[in-house]
Amino acid sequence: MYFSTEPAVTTGLPFYKTVLCLTCVLILIINGVSLFHNLGQLKGANEIQGQTAKVIDKVQYVNVLIMDAESSLRGYFLSGSEVYLGPLRTASSEIDAQFAELDRLLAETPSQRRSLAQLHTLVYRKLDTMNQVLDVYRQGGLDDIVKIAGSSDSKSDMDEIRLQVVILVQEQNELLAVRSATFAREYRNAVFLGISINAMAILVLALFYRLIRRSYFARATTQRALESANDNLESMVVLRTEQLSVLSRHLISVSEEEKARLARELHDELGANLTSINIDLNAVADTVRAGAPELALMLDRARATLVETVELKRRIVDNLRPSLLDHLGLAAAVQSYCEEFGRVTKLDCEALIDGDIDVASPMHAIAVFRIVQESLNNIAKYARARHVIVHLGREAGGLALEVSDDGVGIDADAVAKPKSHGLLGMRERALLLGGSLRVKRGVNNVGTCVEAFIPLSRVADSGEAAPHVAAPLPFSGLHPSEGDRTQSLRPYSIRRRTLRGPGGQSR
């Protein structure tokens, strides 16, 4: 998981990259336009070639029609059969359509239109001559045909027609050659232009690819550096968090040791001094009681103040290090503290203890007791509850604690607040011994429930006596329970009771 405190970068593409992109697009557009123009020229050249071929075919066809008509007329003269006049009739019927088509094809070439006009004149004059000869033959006979043939030069007419046809074909070929040369030159220029455009496009694309590649590697390098920095930062945060957690647990251990030492010194030194003062006051009071009752009364008041001081010392020592925890065990300490808490706060505080929990070592016992103490203090301060249940039991592998109330409950975000020192302290105490702690809403979303699990050592699980870190506090003559450490009572085994709310509903 990587994180960064810098805002997201929203800048666009650099200007030079934008210019390169636009240049590449413009070159591609020019290349497309050039290709479209070349296709148009190629299409025009193909149309010109087709038109030239059509003109040549039409002119040759006209020449063939005239030659066939002349040959068919000779055959008719020789045989007298009407069958031979078919080509002449065909030529008379088709010649107009052919010249009309030629006139349309040569509409844009004035020079060839003049040649076409001459051919038109020669062809129609030849057809008129052949029709006149046919009419004369049918009316007068062969002698009149001989006279007409002698007066007209039929061979020269056909030579002129053939010559005009050759001229038209030659002009078409020359025009085709000129247009082909022009098209070849333009096509060659277009090819060179296309190659140049493609070369420029390839060059621009290569530059753009180089820029993108450089930008990609720079971004990848930056990303790797950022990931490495984030990894280092995350590792440092984890390390610092672990160090702070270790320091917090160490401070908790040192605090408990210091409290135990201070409680022991108060109990030993201050207890001994108070006991000595009490003995001296008793002796003095007994001595002066008969002769000076006023002084005896003052001494009695001093003894009463001394008893209050002893009680104050006892409360201070119990707050620093509960003596019941060291002498009577965890069960008795929790039970006594819950009774005292209920008496002081006027709350119904019930302690349910299941199983043999006094096998816990002093370190485990003080951790559980402090969690119970902090949980009850929080209930007294914030919960506005009426019923509290402290359930402590022995489970496989450790001690399970549950402190629940029927108060206003706790917000989900309050648990994660950095200033929730009490909750953090309870959690650190549990983590110090490898356990866990969870704070959540109670049953049916009513009140708050603190759940903790503290694993026990293998010695405690096996039922053997766990070694004590701190020696038990000795009792002075002023303490209510005098003597050495006594065996703890039989562990409590009380069935857990379901509390009832104001409306009689279970919670």
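Looking only at segment 194-206, count how many residues are open to solvent by less than 80 Å² (accessible area, probe 1.4 Å) and touching a helix residue (DSSP H, G or I) at 6+ places or on another chain (Cβ under 7 Å).
The first filter runs over segment 194-206 and keeps only residues open to solvent by less than 80 Å² (accessible area, probe 1.4 Å), leaving 194, 196-199, 201, 204, 206.
Checking which are touching a helix residue (DSSP H, G or I) at 6+ places or on another chain (Cβ under 7 Å) leaves us with 194, 197-198, 201, 204.
Of the residues in segment 194-206, 5 are open to solvent by less than 80 Å² (accessible area, probe 1.4 Å) and touching a helix residue (DSSP H, G or I) at 6+ places or on another chain (Cβ under 7 Å).
Could you identify the single residue in 388, 403 that is open to solvent by less than 20 Å² (accessible area, probe 1.4 Å), at pLDDT 90 or above, assigned to a strand (DSSP E or B) and touching a Gly at 6+ places or on another chain (Cβ under 9 Å)? So that I can check it myself, show each step before the final result.
Values: 403 fails: touching a Gly at 6+ places or on another chain (Cβ under 9 Å).
None of the other options fit; the residue is 388.
Restricting the search to segment 48-79, which residues are within 21 Å of residue 99 (Cα to Cα), of a type in the set (D, E, K, R) and in contact with a helix residue (DSSP H, G or I) (Cβ under 9 Å, 6 or more places away or on another chain)? So that I can check it myself, show each step before the final result.
Residues of segment 48-79 within 21 Å of residue 99 (Cα to Cα): 48-70.
Now narrow it down to the ones that are of a type in the set (D, E, K, R): 54, 57-58, 68, 70.
Result: 54, 58, 68, 70.
Condition check ((1) under 53 Å from the mean Cα position of the chain (by Cα); (2) touching a residue at least 60 places away in the same chain (Cβ under 8 Å)) across all residues:
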| residue | (1), (2) |
| --- | --- |
| 252 | yes, yes |
| 258 | yes, no |
| 283 | no, no |
| 286 | no, no |
| 293 | no, no |
| 309 | no, no |
| 312 | no, no |
| 322 | no, no |
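Do we find that residue 122 is of a type outside the set (Phe, Trp, Tyr), in contact with a Leu (Cβ under 6 Å, 6 or more places away or on another chain) and surrounded by 14 or more Cβ atoms within 10 Å (Cβ to Cβ) in this structure?
On the way: of a type outside the set (Phe, Trp, Tyr): yes; in contact with a Leu (Cβ under 6 Å, 6 or more places away or on another chain): no; surrounded by 14 or more Cβ atoms within 10 Å (Cβ to Cβ): yes.
No, not satisfied.
Within segment 210-236, count every residue that is of a type outside the set (Ser, Thr, Tyr) and within 19 Å of residue 21 (Cβ to Cβ).
To start, the set of residues in segment 210-236 that are of a type outside the set (Ser, Thr, Tyr) comprises 210-214, 217-220, 223-227, 229-234, 236.
If we keep only those that are within 19 Å of residue 21 (Cβ to Cβ) too, we end up with 210-214, 218-219.
Matching residues across segment 210-236 total 7.
Would you call residue 191 out of contact with any Ser or Thr (no Cβ under 8 Å at 6 or more places or on another chain) and open to solvent by 80 Å² or more (accessible area, probe 1.4 Å)? Step through it out loud before you land on a result.
Details: out of contact with any Ser or Thr (no Cβ under 8 Å at 6 or more places or on another chain): yes; open to solvent by 80 Å² or more (accessible area, probe 1.4 Å): no.
When the stated conditions are applied, residue 191 does not pass them.
Tell me which residues, restricted to segment 310-361, are part of a helix (DSSP H, G or I), among the charged types (D, E, K, R) and open to solvent by 30 Å² or more (accessible area, probe 1.4 Å). First the steps, then the outcome.
Here is the first cut: in segment 310-361, the ones part of a helix (DSSP H, G or I) are 310-320, 323-327, 330-345.
With among the charged types (D, E, K, R) added as a condition, the list becomes 311, 313-315, 318, 326, 339-340, 343.
Residues satisfying the conditions are 311, 314, 315, 318, 339, 340, 343.
Mind checking which residues of segment 375-394 are touching a strand residue (DSSP E or B) at 6+ places or on another chain (Cβ under 9 Å), under 26 Å from residue 321 (Cα atoms) and charged (D, E, K, R)?
394
For residue 183, all conditions in the list (1) at pLDDT 80 or above; (2) surrounded by 16 or more Cβ atoms within 10 Å (Cβ to Cβ); (3) of a type in the set (Phe, Trp, Tyr) hold save one; what is the number of the exception?
(1)
Output the residue which, of all residues in segment 75-104 that are charged (D, E, K, R) and over 26 Å from residue 169 (Cβ atoms), is least open to solvent (accessible area, probe 1.4 Å).
Our first condition is that a residue be charged (D, E, K, R); within segment 75-104, this holds for 82, 89, 94, 96, 101, 103-104.
Within this subset, residues satisfying the condition of being over 26 Å from residue 169 (Cβ atoms) are 82, 89.
Working: 82: 81, 89: 127 Å².
Checked segment 75-104; the qualifying residue least open to solvent (accessible area, probe 1.4 Å) is 82.
Examine segment 217-229 for a residue that is at pLDDT below 85 and either within 27 Å of the chain's Cα centre (by Cα) or under 30 Å from residue 364 (Cβ atoms) (or both), and state whether such a residue exists.
Narrowing segment 217-229 to residues at pLDDT below 85: none.
Scanning segment 217-229 turns up no residue that is at pLDDT below 85 and either within 27 Å of the chain's Cα centre (by Cα) or under 30 Å from residue 364 (Cβ atoms) (or both).
With respect to residue 317, determine if the residue is within 58 Å of the chain's Cα centre (by Cα) and within 30 Å of residue 425 (Cβ to Cβ).
no
Could you please give the count of residues in segment 106-116 that are at pLDDT 80 or above and exposed (fewer than 13 other Cβ atoms within 10 Å of the Cβ)?
Going through segment 106-116 one residue at a time, the tally reaches 1.
The values are calculated or read from the model by the stated rules, or taken from the named source; none is laboratory data. What you see is a predicted model; the values in this text were computed from it and never measured. Here the Cβ is made from the backbone with ideal geometry for all residues, glycine too, and neighbour counts use every protein chain on show. When the accessible area is computed, the model is the full protein with side chains, heavy atoms only, and any ligands, DNA or RNA have been set aside. Shrake-Rupley method; radii C 1.70, N 1.55, O 1.52, S 1.80 Å.
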